[in-house]
Number of protein chains: 2
Amino acid sequence: MAQEWHNHYDAQVRKVSSAITPIISIDRKASRPLHQQIYDEYRSAILGGTLRPGQTVPSTRGLASELGVSRIPVLTAYAQLLAEGYFQSRVGSGTTISLALPSPGILKKSPNARVPSRRPITNHSALPGAIKNQPWLRRWGAFGVGQVAFEKFPFHMWNRLVTRHCRLVSAKDLDYGDPMGLKNLRDAIAVYLGTTRGVRCSAEQIMIVSGSQQALDICSRVLLEPGSRVWMEEPGYRFARNLLVLNGCVIVPVPVDHEGLNVAAGVRLDGKARAALVTPSHQYPLGVTMSASRRMQLLDWAERSQSWILEDDYDSDYRYESMPISSLQGLDRNSRVVYIGTFSKVVFPSLRLGYIVIPEDLVERFQACRVAMDIGPTTFTQAVMGDFIREGHFSRHIRRMRSLYNERRKALVESLGDEIPGLEITGTQAGMHLCTIREGIQDREIADRAAHANLWLVPLSPSYAGKAVRQGFILGFGSTSVEEMPGAVRKLRAALRDVKRRIL
Amino acid sequence: MAQEWHNHYDAQVRKVSSAITPIISIDRKASRPLHQQIYDEYRSAILGGTLRPGQTVPSTRGLASELGVSRIPVLTAYAQLLAEGYFQSRVGSGTTISLALPSPGILKKSPNARVPSRRPITNHSALPGAIKNQPWLRRWGAFGVGQVAFEKFPFHMWNRLVTRHCRLVSAKDLDYGDPMGLKNLRDAIAVYLGTTRGVRCSAEQIMIVSGSQQALDICSRVLLEPGSRVWMEEPGYRFARNLLVLNGCVIVPVPVDHEGLNVAAGVRLDGKARAALVTPSHQYPLGVTMSASRRMQLLDWAERSQSWILEDDYDSDYRYESMPISSLQGLDRNSRVVYIGTFSKVVFPSLRLGYIVIPEDLVERFQACRVAMDIGPTTFTQAVMGDFIREGHFSRHIRRMRSLYNERRKALVESLGDEIPGLEITGTQAGMHLCTIREGIQDREIADRAAHANLWLVPLSPSYAGKAVRQGFILGFGSTSVEEMPGAVRKLRAALRDVKRRIL
């Protein structure tokens, strides 16, 4: 009987060399026979849920060799597991954990789900807004903020670079790379920033990061203490605020007007703040560009008060009317500015690549911090991105997207004028979003409801750290074509009207 | 004359559509003529170093359109810049910033290099050991720790998966992904960990991170306050210690013996510590495996003192003699263990992929923290890794590497016995490194000198948070073939002997 099972079994397990060997503990000195031990281990792993229905089991030969035992006890145990229905074997697909097990309840409930009541967790990690409570985030469709014209991305060219790098990859590329990032990419970024943003730096000052959030994280860990007071634009970028809160900083909300951050107001509120975080190219969410005189005031303040300026040069590549103004970093004469940029908006978000331009004297400090945090960036995407820039695809793509987003922005503004007259639009003609103001509404509630109708409005009020002065919506136009715009705006009008009716 | 230049110039700039447009500010209302403004802007950008020698300049047509001016002033300015040697033009390569500029000193020294004396920087980011002072880190050659058998990596298969994903990539893959990571990969990891490590979890509890350092960072931000006391193995993993220090934790060094972390000693030192960080599968650096009874003691302590256990399951895939012992996470019945793993050692380091298994009740908290830190992982490598596991390449690769590393370890132990008799080797037959003890030497000094002879020894003493009890070297054997081993060990013997002579 056992032999029969063995033969039957063996016919099924020819193709299982790629199965993962489970953790089976046996004790050669125990009185219990080996086959019984193997059987018991499998049975409890299956009932305990660590082995899952449908999962392939390793060959008897493989397991015997792993355990350092003869094949006979393994064959016997497998035969029993098959006979009792814990295993199943099908021609072609080998032997697996049975898909039809007696008590699926046992399988699902893991025994360590018992959670004690007292669990010490940090207060600073209690960040507002789990994603599931903010349906307007990260959704696909009209007005999604941070979404690019995905369909216009030069996939073909990008994939050619990816494939080329696959061919070129050598053993050394698999090892840990420079924690600052790939030299080639840093060189390309230094040239790009000097040329387009007036940033003064060498490639040695550039650190590649996984995006502007990580950039801000590193800056705050090197420059800011728990308890440090930081100016933030009010309203401002909520994710950046969350990060500063996570690091124990105290937010000083400084109002934004049509010239950007109101420096004089900041000085009145807290002239001795340790740092100011700003988005001067295209303020998030209001969309204004910081004027040249405000830039000089801010730099002047930083010098007098020995403070840091964290310049998140958000959306700097897309401006449609005004002349470019040099970055704060390029105007700074006191090494007070740390410059932050990202490829999320100009290439694509899931690439997770950005950069920091670090004051020369702090490069080593930033690097040590980065190594402690995550050793450094992944090599492969950096190599591809470096070529994408150096071979000119990057600037060509930006130029193409600039005219595309300009058209999309115009279409949105025009439709808003047609459909929702009197709606105020703030900010300059730049970037991939605009901000609409509508007083006397509950923007969160409307956004919540609109999301259920597949319309992704980011409400303005959560952008305020303090009391929300204005209500409205941040509308992304990057991923909505000119043709689709009027329809999307009509849906927006309906969402607004629907609420009015409910209020009445 | 101007027209002549224009014609000459135009002949050169046919191919510059991919040049980056520099930041040129003009003022239409100014009395200075436009061509003079354009000339001045270029000149100061070149002298200021934001435009670099050899860099391609945009076409006159492109710049004129960017600036919204007619082409004439641009042509005039370009002609003047060419005539004065700021630009150069060569047949075939278009017009560039001149490679032979008068004063390269001016170009290099950026005006914001002036660093004020008072710069507020955090103390906790003053981490020990810049990489440049530790030449034994990240080098290529014999005994490099953390280096894998790069040449045996199945490049061909990996590249096939990469290329396939290039073809399959859709617009949606470019958008931000799930901050927890790709569902496919998390499913594969859940099955893998349940099977091989006895980890009890669902895919929903798994978060993809960029490696074990980031995993530890997230854990410590959610679970540990600045000032929290944390047990660490003594000697232990220095990079992990740096991270905890960066986060303001207080290290409680708990001695490691032949059974792993000495729990009783830990209780005597600080029974109320908030957490314990351990590497139970293959302790770094001593290489011991934590015994089953110590595991139970540790879990028992955690339950009694309401403490967390951070289980870094380092090197768990490579054991060559002993039976596997279930992970602490799998033995835990109180949701006290956070399990950390990485693909750096089993796939390759520059992939930057690892994972955390989070207690069910803390998943949301971890996720919010992660979003604040860096939004989430990059999608592409996750997709490739998911397929690599699901199609069986991963477990095949591990199995192959297990027997390869076993051979390499044996060869190293044998050569050490032949060449350096009496050298003590600690730990179990596992992993990709072993630790040798030699009392009465200066291991840092020897490692420093050996590095200059292309031999990469990691000294043992910096692994101690307190006074170094023992001296010796951590020797990686992952990237050294059996054939090269005797030669590498002879070099090691020479390095040790050389020092003895210097001491005498």
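Tabulated values for the structure
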{"quantity": "Cα→Cβ-extended label distance, 7 Å offset, between residue A:272 and residue A:36, nm", "calculated": "7.7"}
{"quantity": "Total charge dipole magnitude, region A:254-364, about the Cα centre, Cβ charges on Lys, Arg, Asp, Glu only, Debye to nearest 20", "calculated": "220"}
{"quantity": "For region A:18-107, size of Cβ-based charge dipole, Lys and Arg +1, Asp and Glu -1, in debye", "calculated": "140"}
{"quantity": "Inter-copy spacing of residue B:32 label points, which lie 7 Å from Cα along Cα→Cβ, given in nm from shortest upward", "calculated": "8.8"}
{"quantity": "Inter-label distance for residue B:29 and residue B:364, nm, one decimal - labels placed 7 Å from Cα along Cα-to-Cβ", "calculated": "5.5"}
{"quantity": "For region B:365-482, size of Cβ-based charge dipole, Lys and Arg +1, Asp and Glu -1, in debye", "calculated": "480"}
{"quantity": "Exam field: residue A:43 pseudo-label spacings to other copies (7 Å along Cα-Cβ), nanometres", "calculated": "9.2"}
{"quantity": "Estimated translational D of region B:169-235 in µm²/s (Stokes, Kirkwood radius over Cα pairs; 4 °C; 1.567 mPa s)", "calculated": "90"}
{"quantity": "Hull shadow area, averaged, region A:396-503 [alpha-carbon convex hull, nm²]", "calculated": "7.3"}
{"quantity": "Length-normalised contact order of chain A in % [C-alpha pairs under 8 Å, at least 6 apart]", "calculated": "17"}
{"quantity": "More than 25 Å apart - percent of Cα-Cα pairs taken over region B:256-377", "calculated": "28"}
{"quantity": "Residue-span extension gain [residue B:258 to residue B:403] - 0.36 nm each, minus C-alpha spacing", "calculated": "49.7 nm"}
{"quantity": "Inter-chain shielding of B:353-361 (mean C-beta neighbours from other protein chains, 10 Å cut-off)", "calculated": "2"}
{"quantity": "Sum of -39500 (n - 2.57) over DSSP H runs of 4+, divided by residues of chain B (222 nm, nearest 500)", "calculated": "-13000 deg cm²/dmol"}
{"quantity": "For chain A, with +1 on Lys and Arg beta carbons and -1 on Asp and Glu, the positive-most of A:310, A:194, A:161 along the dipole", "calculated": "A:161"}
{"quantity": "Mean Cβ count within 10 Å, highest first, over the residues of peptides A:413-425, A:260-272", "calculated": "A:260-272, A:413-425"}
{"quantity": "Dimensions (Å) - region B:223-273, Cα atoms, principal axes, largest first", "calculated": "30, 23, 14"}
{"quantity": "Cα-based Rg of the protein assembly as shown normalised by 2.2 N^0.38 Å, two decimals", "calculated": "1.01"}
{"quantity": "Ordering of A:469-479, A:46-56, A:370-380 by burial proxy (mean other Cβ atoms within 10 Å per residue, highest first)", "calculated": "A:370-380, A:469-479, A:46-56"}
{"quantity": "Square roots of 5 times each gyration tensor eigenvalue, C-alpha, region A:166-207, largest first, Å", "calculated": "26, 12, 5"}
{"quantity": "Degrees between helix A:379-390 axis and first principal axis of chain A (Cα, 0 to 90, nearest 10)", "calculated": "40"}
{"quantity": "Shielding by other protein chains, B:19-32, mean Cβ within 10 Å", "calculated": "4"}
{"quantity": "Helix A:363-374 axis, angle to chain A major axis (alpha carbon atoms, nearest 10°)", "calculated": "40"}
{"quantity": "Viscosity 1.306 mPa s, temperature 10 °C, Stokes-Einstein D of region A:18-107 from Kirkwood C-alpha radius, µm²/s", "calculated": "120"}
{"quantity": "D_trans [Stokes-Einstein, Kirkwood Rh over alpha-carbon pairs] for region B:343-402, 20 °C, 1.002 mPa s, µm² s⁻¹", "calculated": "160"}
{"quantity": "For region B:234-349, with +1 on Lys and Arg beta carbons and -1 on Asp and Glu, the positive-most of B:326, B:282, B:264 along the dipole", "calculated": "B:264"}
{"quantity": "Rounded to 10°, Cα long-axis angle of helix A:443-452 versus longest principal axis of chain A", "calculated": "40"}
{"quantity": "Virtual spin-label span in nm between residue B:183 and residue A:99, 7 Å along Cα→Cβ", "calculated": "1.9"}
{"quantity": "Reduced Cα scattering model of chain A, Debye log10 I(q)/I(0), q = 0.05, 0.06, 0.13 Å⁻¹", "calculated": "-0.30, -0.42, -1.16"}
{"quantity": "Normalised convex hull volume, region B:151-391, alpha-carbon set, Å³ per residue", "calculated": "123"}
{"quantity": "Calculated FRET value between residue A:410 and residue A:467, using beta carbons and R₀ = 22 Å, to 0.05", "calculated": "0.05"}
{"quantity": "Test item: B:222-234 mean partner chain Cβ contacts at 10 Å", "calculated": "2"}
{"quantity": "Under 16 Å from the Cα of residue B:410 - aspartates and glutamates, other chains or at least 8 residues apart", "calculated": "B:321, B:418, B:419, B:424, B:483, B:484"}
{"quantity": "Entries in A:172/A:345; A:272/B:272; A:183/A:272; A:152/A:183; A:29/B:272; A:152/A:491 that, when Cα-Cα distance is taken, lie over 27 Å", "calculated": "A:172/A:345; A:272/B:272; A:183/A:272; A:152/A:183; A:29/B:272"}
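A short reminder: the numbers here are calculations on the coordinates, not readings from a lab. As the structure is a computational prediction, the values presented were derived from the model and not from experiment. Quick reminder, even Gly has a Cβ in these numbers, built from the backbone with ideal geometry, and neighbours come from all protein chains shown.
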